[in-house]
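No value in this document is a laboratory result; all are computed from the given coordinates. Just so you know, these numbers come straight off a predicted model, no measurement behind them. Cβ placement follows ideal geometry from the backbone for every residue including glycine, while neighbour counts extend to all protein chains displayed.
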Amino acid sequence: MIQFRALDPAAPMPVQLQETTGPITVVNTFVVPPELAEDFLKIWAEDAAFMKSQPGFVSTQLNRGLGGSQLFVNLAVWESSAALLAAFTNPQFQQAAAKYPDGIVTYPNAFKKVAVEGICAA
C-alpha cells in the first residue's frame, strides 16, 4: 500500500484541506522504485480516471523525472479544496489507493495561487 507522508509537517494534507478556498493546485510527488514504475503508472491512470469523474475536478498532468529519477509529480487543479476533500475521502478512491504496491511513497500538498505584481496574477 502507498505511504502518504507530509512534505510540510506543519501542515499535512488533511489540515490543508480544511481551509475553504479555490481554485487549488495539488502537487503530489511520488517516489517510485524503478521496478514498480509500470505498476504505478497503471494504478495511477485508474485513480486519475476516477478523479476526473468527480465534481470540481479541472485537470491533471503527470510528470516523470529525468535521468533515471525515481520521482513522478502530478499537478492537479480543482475548483475548491472542498471538492478535492470530497473526492479524496470517497471510499472508492480509498480502495484504489490500497492497490499501490508497498515501496511507493507520496507527498501530496495543496496550493493556491499567489499574486506577484507584474509577474503573476492570483
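If the chain linking ALA122 and GLN61 were pulled fully straight, counting 0.36 nm for each residue of separation and taking away their Cα-Cα distance, it would gain 19.9 nm.
Tally Lys/Arg at +1 and Asp/Glu at -1 over every other residue whose Cβ is under 12 Å from the Cβ of GLN70; what's the total? That works out to 0.
Here each label is just a point 7 Å from Cα along the line to Cβ, and for ALA37 and PHE111 those points are 2.4 nm apart.
Here the chain has an Rg and Dmax of 14.7, 45 Å, counting Cα atoms alone. For the chain, the tally of Lys pairs with Cα-Cα distances below 22 Å comes to 5, considering only residues 8 or more apart or on different chains. Spin-label model, ASN90 to PHE50: label points 7 Å out along the Cα-to-beta-carbon direction sit 0.8 nm apart. Ordered from longest to shortest, the equivalent ellipsoid semi-axes for the stretch 53-121 are 25, 21, 9 Å, each the square root of 5 times a Cα gyration tensor eigenvalue. Taking packing as the residue-averaged number of other Cβ atoms within 10 angstrom, the listed peptides 32-43, 109-120 run from highest to lowest as 32-43, 109-120.
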